[in-house]
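A short write-up of the structure that comes next.
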Amino acid sequence: MKLVFAGTPEVAVPALDALLAAGRHEVAAVVTRPDAPAGRGRRLVASPVAERAEEAGIEVLKPVKPRDPDFLERLRAIAPDCCPVVAYGALLPKVALDVPAHGWVNLHFSLLPAWRGAAPVQHAVMAGDEITGASTFLIEEGLDSGPVYGTVTETVRPTDTSGDLLTRLAFAGAGLLAATMDGIEDGTLTAVPQPGDGVSLAPKIAVEDAHVDWAAPALRVDRVVRGCTPAPGAWTVFRGERLKLIQVALEPERGDLAPGRLSVGKNHVHVGTGSHAVELLWVQAQGKKPMRAADWARGVRDADGQLLGV
């Protein structure tokens, strides 16, 4: 088939690579978000997918909106059979969805209908899911509601951050997307409507959602920290300034600390929760680089007995 691949961030690159490596289908062009400011200089930088496509000598389309007439005209001229999508980042209008004969097929990082929305992996970690996965489905106008072509499953490990899990799913999902393209071409795959029950939503995680509530049980604190790492980053407040929490560990032996109360030893920093304590392993103070929590506590001085979250 002739394909137009749509994707933007680094997590979409493995799927593009898988399609290119297989060589069975022609990737005629790539659709990605426009260049965006990045770094201290805020200079415009191409998306990871755009950079990979340019390396491969593939035409790159960067519409401000996918309903732009110039983009739609070019898409119709390319006349793709199918448009595989991974984390493109813009809503596709019906006028664009109707162009390819086999539609736009999205690789979504959950086992649909669970976790429809922008942040499925983060929500899976924060909810304590033991199993998640990826799905390929035919995009329709509803939110991740189209019929499903195939799935792969992935175990959520006890120490997984959303970044760890998403990296594994990006590579497992890349193979699934390539296989889905093959199955569509040879007619061996039929998209199956999603069941009406089991639907859950995964909206984008806002910075305020990543604010740790020390009155919550330790297990919840651990899940929020892991689910919000690397983005948007779990955080608390210490002496009026934001403190980013990068890694914690459960400390079930310590139930003597009030929620948010710090206990600082030579090589450890414990903090109370609504159940038992957690140990702070890695943190990042405002304007500083990530550091071990014990080093941070020595640097701020007299942290023992102080409260986080105030």
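The values are calculated or read from the model by the stated rules, or taken from the named source; none is laboratory data. All of these numbers come straight from a predicted model, not from anything done at the bench. Every residue, glycine as well, gets a Cβ built from its backbone with ideal geometry; the counts of neighbours run over all protein chains shown. Quick note on the areas: whole protein, heavy atoms, side chains included, nothing else; ligands and nucleic acids left out. Shrake-Rupley method; radii C 1.70, N 1.55, O 1.52, S 1.80 Å.
As a check on your grasp of the helix formula, calculate [θ] at 222 nm for the chain: sum -39500 (n - 2.57) over DSSP H runs of n ≥ 4, divide by the residue count, round to the nearest 500.
Calculated from helices alone, the mean residue ellipticity at 222 nm is -8000 deg cm²/dmol.
Compactness ratio of segment 31-165: Cα Rg over 2.2 N^0.38 Å, N = residue count?
Segment 31-165 yields a ratio of 1.18.
Express in Å², to the nearest 10, the accessible area of HIS268 obtained by rolling a 1.4 Å probe over the protein heavy atoms while all chains stay in place.
60
Give the share of C-alpha pairs in each 10 angstrom bin for segment 47-88, from 0 to the last occupied bin, in whole percents, shortest bins first.
The distribution over segment 47-88 is 23, 58, 19, given as percents.
For the chain, give the magnitude of the charge dipole about the Cα centre (Cβ charges: +1 Lys/Arg, -1 Asp/Glu; no others), in debye to the nearest 20.
For this selection, approximately 1220 debye.
Just the accessible area per residue of the chain, please: how many Å² with a 1.4 Å probe?
That works out to 47 Å² per residue.
Can you list residues from other chains, or at least 5 along the same chain, whose modelled amide H is less than 5 Å from the amide H of LEU250?
Counting only residues 5 or more places away or on other chains, the set is GLU279.
Report the far tail of the P(r) of the chain, meaning the percent of Cα-Cα pairs longer than 28 Å.
For the chain, the fraction of Cα-Cα distances above 28 Å is 47 percent.
Which value, in Å² rounded to 10, gives the accessible area of VAL300 with a 1.4 Å probe and all protein chains present?
40
Just name one of ALA234, GLY309, ALA249: the one whose Cα is farthest towards the positive end of the charge dipole of the chain (beta-carbon charges, Lys/Arg +1, Asp/Glu -1).
So the residue furthest toward the plus end is GLY309.
Which whole-Hz couplings ³J(HN,Hα) result when phi for each residue of segment 90-96 is put into the Karplus expression 6.51 cos²θ - 1.76 cosθ + 1.60, θ = phi - 60°, listed in order with x for Gly and Pro?
Computed from phi, the couplings for segment 90-96 are 9, 6, 8, x, 4, 4, 7 Hz.
Only loop residues by DSSP count here, and only those with at most 15 other Cβ atoms within 10 Å; note down the trypsin sites (Lys or Arg not before Pro) in segment 1-64 that meet that.
Here the sparse-neighbourhood loop sites are ARG24, ARG40, ARG42.
Out of the total accessible area of segment 1-152 (probe 1.4 Å, heavy atoms of protein only), what percent is carbon and sulfur?
Heavy-atom surface of segment 1-152 belonging to carbon and sulfur, 1.4 Å probe: 51 percent.
Which Rg and Dmax, in Å, describe the Cα atoms of segment 211-310?
11.8, 33
Between segment 1-73 and segment 241-310, what is the separation of their alpha carbon centroids in Å?
Rounded to whole Å, the Cα centres lie 42 Å apart.
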